[in-house]
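Inspection log for the structure reproduced underneath, given as structure tokens.
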Amino acid sequence: MIPEVTGFSKLNKQQKIDWLVSNHFKHTKKAEQVLYTYWNTDKQLQQLHDEFAENTLSNFYLPFSIAPNFTINNKRYTIPMSIEESSVVAAASNAAKFWNKRGGFTAKVIDTQKIGQVHFSFIGDTTKLVTFFNSVKPKLINSIQPIEANMKKRGGGLLDIELRNKTGDIPNYYQLHCTFETVDAMGANFINTCLEKFAEVLQLKALEWDAFTTSEKEIEIIMSILSNYVPDCIVRAEVFCNVKDLPNTSEISSKAYAEKFIRAVTIAEKEPFRAVTHNKGIMNGIDAVVIATGNDFRAIEAGAHAYAAKNGSYSSLTHAYIKNNIFTYYIEIPLAVGTIGGLTSLHPMVKLALELLNKPNAKQLMEIIAVAGLAQNFGAINSLITTGIQKGHMKMHLLNILNQCNATAEEKQQIVQYFTKNTVTHSEVIKQLELLRS
Ligand code: MEV
């Protein structure tokens, strides 16, 4: 068994590596070397990365790619994407070009409200709690004045505090359900600091509330935390075109294409097994931009999937329909992202990504990210209903297979050339490589 280690976080980096390799690896030098290989030679830069999280031993690279040619609200964008999956960036770029010829994407933020909650237990008379809350509410609002000052200057702050009676779900359970506007910040730290202040004041004022009995005075704070479910922080991105402008080939007419496309989306709307994969494809695009722009992809993922299930059954985040011969296809998704705070001013690649996008504000970034998700879903459905997904996917995966086989640059060139005219399968790549090597 691996021995328990105490005070690990206090060790220096080399001591941590020594402990790690000696307790986990047979080839200690080799393991150590892998970690060193990914260190940045710029010591200051490495230190910056070391300090992002605790117990950092090395760096873990993701590709930083770009998908050019996106037209969003009549402006041209090159979108940064950080993702390891072959074919995602290519699919996004193809979708961008396809829709450029049909007017590009439009996107609009519908609302930007964030949510935080103080969860607490109150054992007593609900009507007395309501009276107490109404009286203490202005004090709660006042209590965060110093915390809120900067946010208010930027046009944000607390929007409202509501007392919610949740005793129907759990005995004695209530919430302060708070809404916030955090403008260009994702706002997690701001919201959590406000919530903890509300909790403190609520508890303190309850002790002083004469109408409460001794036990009623003892409000128990369970927890104070923002919610990553943000159904009122929503953006909609859309494309539309005349049905006759959709792909029209010898195999499928544009009308049949539109109908098949809509049927594929409808299946994802109705069938959870398909919806999860459908939305996973959307998140390929969304997460890639969220990561490249230094935002919290776990928060985005959790919020998006909760939104996909908001009507009680897990469903598609995109929708499509034809009206008056116009094919319309759109996504509606909650995206709580920021363009200030967090990693946005710290990580050099994030700063570069934001500059690439012309330093967007949070609303513009929401629009760009939603478009990336819609483009990704378009690419996936387009492939699925025509050639099938594997053709494009395997073409992009070819290099991964060649790298697994340690192919040389020359071998790669020849094999890639061979597969421009042949179908890529894992076994066929191996066969061609073996033929070449023999
Ligand atoms: C693969 O990462 C994503 C897809 O499965 C999405 C989809 O099926 O819509 C291709």
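Worth a mention:
- Scan the range 285-321 for residues that are more than 19 Å from A185 (Cα to Cα), surrounded by 15 or more Cβ atoms within 10 Å (Cβ to Cβ), more than 16 Å from the ligand (Cβ to nearest atom) and not hydrophobic (A, V, I, L, M, F, W, C) and the total you get is 1.
- Within the range 308-330, if we keep just the residues that are touching a residue at least 12 places away in the same chain (Cβ under 8 Å) and part of a loop (DSSP other than H, G, I, E, B), the residue that is farthest from E238 (Cα to Cα) turns out to be S313.
- Scanning the range 391-418 for residues that are of a type in the set (G, A, S) and in contact with a helix residue (DSSP H, G or I) (Cβ under 9 Å, 6 or more places away or on another chain), we see that the one that is farthest from V429 (Cα to Cα) is G392.
- Selection within the range 197-219 - assigned to a helix (DSSP H, G or I), among the acidic types (D, E) and surrounded by fewer than 17 Cβ atoms within 10 Å (Cβ to Cβ): E200, E208
- Of the residues examined, T78 is not one that is away from the ligand (no atom under 13 Å from the Cβ), under 27 Å from S254 (Cβ atoms) and assigned by TED's automatic domain parsing to the domain that holds N242.
- Of all residues assigned to the range 145-159, at least one qualifies as being among the β-branched types (V, I, T), over 17 Å from H119 (Cβ atoms), in contact (Cβ under 8 Å) with a residue 12 or more places away in the chain and in contact with a helix residue (DSSP H, G or I) (Cβ under 6 Å, 6 or more places away or on another chain).
- Residues that are within 30 Å of H305 (Cβ to Cβ) and away from the ligand (no atom under 16 Å from the Cβ) number at least 1 in the following helices (runs of 4 or more DSSP H) confined to the range 337-438: 348-356, 362-385.
- The listed residue being within 16 Å of the ligand (Cβ to nearest atom) and part of a helix (DSSP H, G or I), out of S65, S93: S93
- Unique match (being polar (S, T, N, Q), modelled with pLDDT under 95 and over 17 Å from V239 (Cα atoms)) among S65, S86: S86
- Looking across the range 400-438, the residues that are under 32 Å from the mean Cα position of the chain (by Cα) and either within 30 Å of R263 (Cβ to Cβ) or free of Cβ contacts under 8 Å to residues at least 60 places away in the same chain (or both) come down to I401, L402, N403, Q404, V424, T425, H426.
- Some residue of the range 348-363 being of a type in the set (A, V, I, L, M), crowded, with 20+ Cβ neighbours inside 10 Å, touching a Lys or Arg at 6+ places or on another chain (Cβ under 9 Å) and touching a residue at least 24 places away in the same chain (Cβ under 8 Å): no
- One residue alone among I262, I282 is within 16 Å of the ligand (Cβ to nearest atom), assigned to a helix (DSSP H, G or I), out of contact with any helix residue (DSSP H, G or I) (no Cβ under 8 Å at 6 or more places or on another chain) and aliphatic (A, V, I, L, M), and that residue is I262.
- Positions within the range 157-180 being in contact with a strand residue (DSSP E or B) (Cβ under 8 Å, 6 or more places away or on another chain) and either among the charged types (D, E, K, R) or part of a loop (DSSP other than H, G, I, E, B) (or both), in sequence order: D160, E162, R164, K166, T167, N172
- Filter result for I252 (surrounded by fewer than 22 Cβ atoms within 10 Å (Cβ to Cβ), in contact (Cβ under 8 Å) with a residue 24 or more places away in the chain, outside the structural domain of L365 (by TED's automatic domain parsing) and not in a helix (DSSP H, G or I)): no
- Cβ-Cβ distances below 6 Å connect the following pairs, each with a first residue in the range 377-399 that is under 11 Å from V88 (Cα atoms), a second residue that is within 9 Å of the ligand (Cβ to nearest atom) and of a type outside the set (G, A, S), and a separation of six or more residues or different chains: N377/I282.
The values are calculated or read from the model by the stated rules, or taken from the named source; none is laboratory data. Predicted model, so just to flag it, every value in this text is computed and none were measured. When we count neighbours, we look across all protein chains shown, and the Cβ atoms used for this are built from the backbone with ideal geometry, even at glycine.
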